[in-house]
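Written below as structure tokens is the structure these notes are about.
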2 protein chains.
Amino acid sequence: MTAPKTASPSKSRSQATRKRTRIQREKQDLILEAALDVFSSHGFRGATIDQIADKAGLSKPNLLYYFRTKEAIHRQLIDRLLDNWLEPLRKIDPNGDPLSEIQSYIRRKLELARDFPRESRLFANEILQGAPRIREELHDLRDLVDEKSKIIASWTRDGRIAPCDPKHLFFSIWAITQHYADFDAQIRVVLGRAGEGEGRFEDAARFLDQLYVSGLRPQT
Amino acid sequence: MTAPKTASPSKSRSQATRKRTRIQREKQDLILEAALDVFSSHGFRGATIDQIADKAGLSKPNLLYYFRTKEAIHRQLIDRLLDNWLEPLRKIDPNGDPLSEIQSYIRRKLELARDFPRESRLFANEILQGAPRIREELHDLRDLVDEKSKIIASWTRDGRIAPCDPKHLFFSIWAITQHYADFDAQIRVVLGRAGEGEGRFEDAARFLDQLYVSGLRPQT
DNA sequence: ACAAAATTTTACCATATGGTCAAAGATTAC
DNA sequence: GTAATCTTTGACCATATGGTAAAATTTTGT
């Protein structure tokens, strides 16, 4: 009985029920791109709407025409992020070879850190501050981890990988791979000249292959 | 020819050259304690002087009597932090048994994450945002890492641990151990009931012992 | 072409925030 | 005890910031 999906006579505030126009799509993407930059390097509170608007080349009120609040921008970034972020975990195949599955998982996570460092930092900022804005989404993560942990546990039971706590295994993989995005500033300083290209990701991949493959190979 | 160390007739602003009074020591500690809380959970820009003053039970101008600026408080926290933070790394003994040295290093770092999570998050916040306020201190870290990397490399050369890139080995250890402090919010959600006590640190220690000892034991 | 809708701009506003100042109140040294 | 010094407070200030209102401009559907 309330207004049907597409028939209401416009809401003035764009992101209402109606279909998005071309300009809306373009500008919203532009804003999200700029916001990702700003949020990921200053955190939620440290980021200002003016900064985002500047970077997007819009006036502040114009930006606020597309997103009602600063929090709305942040929300949307987080939502988009989590999907991609969990993809590698979803891909772990219960029927694959255990060590290669884990190795591939590490590779994929490392590629995400290399190709989407801002997203990684956005997420890290959020968790660091106690995850105030993403409690619910974390519960989806928990369910997924529970599911995948069972796979790891079964591999352990079958003697196909060394016994280990599946959740801590995941924690360690997240920690290390994301470290290359989140702590990039530190890593570059420590590596000096060697940290300049993207070679550090290949070195990391090599190191991690060795660590996890030897570390998890079942002891005979 | 300029004023000698302790003879100048007072500077009004306390932290000048003169000897600190009892009250100064007490209040400054109080402020730093409160500031650690606030900075570590909101980042530098997210933290406000009012918040810190409230938590310390002082008025804002009173707080600013002890530290001239917000940045001065932050600086001092960072300075205090880095010393303790690097201690475990300094303790790595070139003459010890390689695998036990690494194992002990991991243990000590994990204990720091358990006992000083706020310090870990303070540091993480800083690096995440590009380390704008601690560029110099990071160079000390680099020197120390260079030194300790040589030790690891020599162990590798002598066949006492598996060949590996020493710096990436350190990165992985920092990442994982600090993860338990920095990503605590996420870890608690994923572990559910099991994440409530401090048992997760023992589980982590067990997991990491296995991973690194098997992963780094020289292949025969 | 032109009306309706969507977009952009200009001018604001209320509040938060980092920081200052001068005077009042406590301590300390002698 | 009292002068000199240190500490605390209350009243401020300039700027930054999230957000709004309404008019002006542009785009779109026909």
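Filter the range B:175-191 for residues that are at the interface with another protein chain (Cβ under 7 Å from one of its Cβ atoms) and part of a helix (DSSP H, G or I) and give the result. Before you say what the answer is, go through the steps one by one.
We begin by selecting, within the range B:175-191, every residue at the interface with another protein chain (Cβ under 7 Å from one of its Cβ atoms); these are B:175-176, B:179, B:182-183, B:185-187, B:189-191.
Across the range B:175-191, the qualifying residues are B:175, B:176, B:179, B:182, B:185, B:186, B:187, B:189, B:190, B:191.
Take the conditions free of Cβ contacts under 8 Å to residues at least 12 places away in the same chain and more than 7 Å from chain A (Cβ to nearest Cβ) and apply them to residue B:199. Does it pass? Criteria met by residue B:199.
Being under 20 Å from the mean Cα position of the chain (by Cα) and open to solvent by 10 Å² or more (accessible area, probe 1.4 Å) holds for only one residue in B:138, B:191, B:144, and it is B:144. Checking each residue in the range B:172-212 for being under 22 Å from residue A:212 (Cβ atoms) and either among the basic types (Lys, Arg) or not assigned by TED's automatic domain parsing to the domain that holds residue B:124 (or both) picks out B:200, B:206.
You will find that of B:117, B:132, the residue that is closer than 18 Å to residue B:39 by Cβ, within 14 Å of chain A (Cβ to nearest Cβ), surrounded by fewer than 20 Cβ atoms within 10 Å (Cβ to Cβ) and at pLDDT 95 or above is B:117 and no other. Residue B:127 passes every criterion in (1) touching a residue at least 24 places away in the same chain (Cβ under 8 Å); (2) buried (at least 18 other Cβ atoms within 10 Å of the Cβ) apart from (1).
Scanning the range B:151-168 for residues that are in a helix (DSSP H, G or I) and either buried (at least 21 other Cβ atoms within 10 Å of the Cβ) or away from every other protein chain (no Cβ under 12 Å) (or both) turns up B:151, B:152, B:153, B:154, B:155, B:157, B:167, B:168.
Kindly evaluate residue A:52 against the criterion of being at pLDDT below 95 and among the β-branched types (Val, Ile, Thr). Break it down stepwise before answering.
On the way: at pLDDT below 95: no; among the β-branched types (Val, Ile, Thr): yes.
Considered against the rule, which asks whether it is at pLDDT below 95 and among the β-branched types (Val, Ile, Thr), residue A:52 comes out as no.
With the condition kept exactly as written, say whether any residue in the range A:99-109 is within 12 Å of chain B (Cβ to nearest Cβ), aliphatic (A, V, I, L, M) and open to solvent by less than 60 Å² (accessible area, probe 1.4 Å). Yes.
The one condition from (1) surrounded by fewer than 20 Cβ atoms within 10 Å (Cβ to Cβ); (2) within 30 Å of residue B:124 (Cβ to Cβ); (3) at pLDDT 85 or above that residue B:34 does not meet is (1).
The values are calculated or read from the model by the stated rules, or taken from the named source; none is laboratory data. Since the model is a prediction, treat every value here as computed from it, not as a measurement. Here Cβ is always computed from backbone atoms with ideal geometry, including for glycine, and neighbour counts include all displayed protein chains. Keep in mind that these areas ignore ligands, DNA and RNA; they rest on the heavy atoms of the full protein, side chains included. Shrake-Rupley method; radii C 1.70, N 1.55, O 1.52, S 1.80 Å.
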